[in-house]
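Written out below as structure tokens is the structure these notes cover.
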Amino acid sequence: QLPNARRSAQQTPRRCASELNPPDFSWNAQVTAASFIGKGFWSSEIKIPFYSLGITSKVGSNWRINLCREKKKPGELTSIAEKGAFNIAAQFIALEGMDVDLSRYCYTIDPPQMRMSSKGGALALSLDVGITNGTGHAEPVLLDCWLVGPSGQTFVKTSLITPTASQQAQFVAGDFTLTEQGTYTCSVRVADPVTKKTLAIYQTPMLIEYVPVAIDLIKPWYRNAIFATQNIKQVVMDLKVNLDFDQEGRTLADVSICDVLSGEVLVSKQVSVVGEVTRVVFDTASLPNGKMEIKVVLRDESGKNIAASMHPLRKLARKQGEVWLGEDLNWHVDGNRFLLMERGTMEMGSCLNITLL
């Protein structure tokens, strides 16, 4: 968020939006700021902590900064960079006084991975997180993890870890027993064990629900639909299973693709579920055009149903001018890549650009 003269703030993306560089609104910069309105001017002081900038060992002391302003009615684009540039880093103004030892902030926190089961009417949740130590030293640090539930209840776990220098390693961020399902705010922090100062932090919303089996559709990847010009030969899916360990390896999954209107089973197979993820593949050649549904039924050794899940699927007839988003995040028209021409500036009143070299 960036402040304005009225001492309020607006949400800003981490990157300037364009067709090849979409905006990122997930960055929480932990910014603190204050503004002042004087006679004929207003000023603002902005404090951005180093740990929020994703600093790595490649970041040196040569920093550049740009302050931009977009005015409407009448339209005006201005910045402090050379020639009023917005997004050309080489023209940003050099930022002096950055001779700071940034190595202690060189920790990278990967998105947490969930392991979940249902026990005694509650959710048993384990969060694993990958941490890369780029500081060049293997020293003890605090690993803090806290969850804030839909009702505001907070759960905190803290441990002391020693990540190996210049390597990525997996750690258990916390084991939690939860009674509430829904969207939580998950925060994982690496901190100095003495001063408790933050060295790196990762924050994300996290939907925590106990789903015995879920279907993760890998192909097709766009709108659950097979477009004619995509030339997709196979429907590929991962069955993600959350079961108690004593059930794993003895569970069968009946997987089928059915016509939505008639309920007819078009293709089917039975697979043995081993572990948390099982890959299932069907050829698309025998699938008709129209609306379909993927169905999964989990059964134990005796044939008793354990859980079920469904997922929509469509196969579209060839249509002139069909548009779809590729796996490479490029748009395609009739199977050919199509670039949208957009202005590369941000649609807002002002922006702050910082380039780390």
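The values are calculated or read from the model by the stated rules, or taken from the named source; none is laboratory data. Note that the coordinates shown come from a computational prediction; the quantities given were computed from them, not determined experimentally. Note: ideal-geometry Cβ built from the backbone for every residue, glycine included; neighbour counts use all protein chains shown. Accessible surface is based on the protein model in full, side chains and every heavy atom, while ligands, DNA and RNA are left aside. Shrake-Rupley method; radii C 1.70, N 1.55, O 1.52, S 1.80 Å.
Quick grid of which residues meet (1) over 32 Å from the mean Cα position of the chain (by Cα); (2) open to solvent by 30 Å² or more (accessible area, probe 1.4 Å); (3) closer than 24 Å to Thr108 by Cβ:
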site: Ala33; (1), (2), (3): no, yes, no
site: Ile46; (1), (2), (3): no, yes, no
site: Ile55; (1), (2), (3): no, no, yes
site: Asn66; (1), (2), (3): no, no, no
site: Lys73; (1), (2), (3): yes, yes, no
Wholly within segment 93-137, strands (runs of 3 or more DSSP E) carrying at least 3 residues that are within 24 Å of Ala307 (Cα to Cα) and among the hydrophobic types (A, V, I, L, M, F, W, C) = 122-133
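Sort out which residues of segment 91-130 are of a type outside the set (S, T, N, Q) and free of Cβ contacts under 8 Å to residues at least 24 places away in the same chain, and write them in order of number. Steps first, please.
Of all residues in segment 91-130, those of a type outside the set (S, T, N, Q) come to 92-102, 104-107, 109-112, 114-116, 119-125, 127-130.
Scanning segment 91-130 gives Glu96, Gly97, Asp101, Gly120.
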Could you pull out every one of the strands (runs of 3 or more DSSP E) wholly within segment 38-80 that has 2 or more residues that are of a type in the set (D, E, K, R) and farther than 15 Å from Gly97 by Cβ?
-> 63-71
Of those in segment 124-170 that are farther than 25 Å from Gln181 by Cβ and of a type in the set (Gly, Ala, Ser), the residue nearest to the chain's Cα centre (by Cα) is Gly130
Sole miss for Arg318 among (1) modelled with pLDDT of 90 or more; (2) within 32 Å of the chain's Cα centre (by Cα) is condition (2)
Considering only segment 111-168, state which residues are surrounded by 13 or more Cβ atoms within 10 Å (Cβ to Cβ) and farther than 22 Å from Thr198 by Cα.
-> Met114, Arg115, Met116, Ser117, Ser118, Ala122, Leu123, Ala124, Leu125, Ser126, Gly149
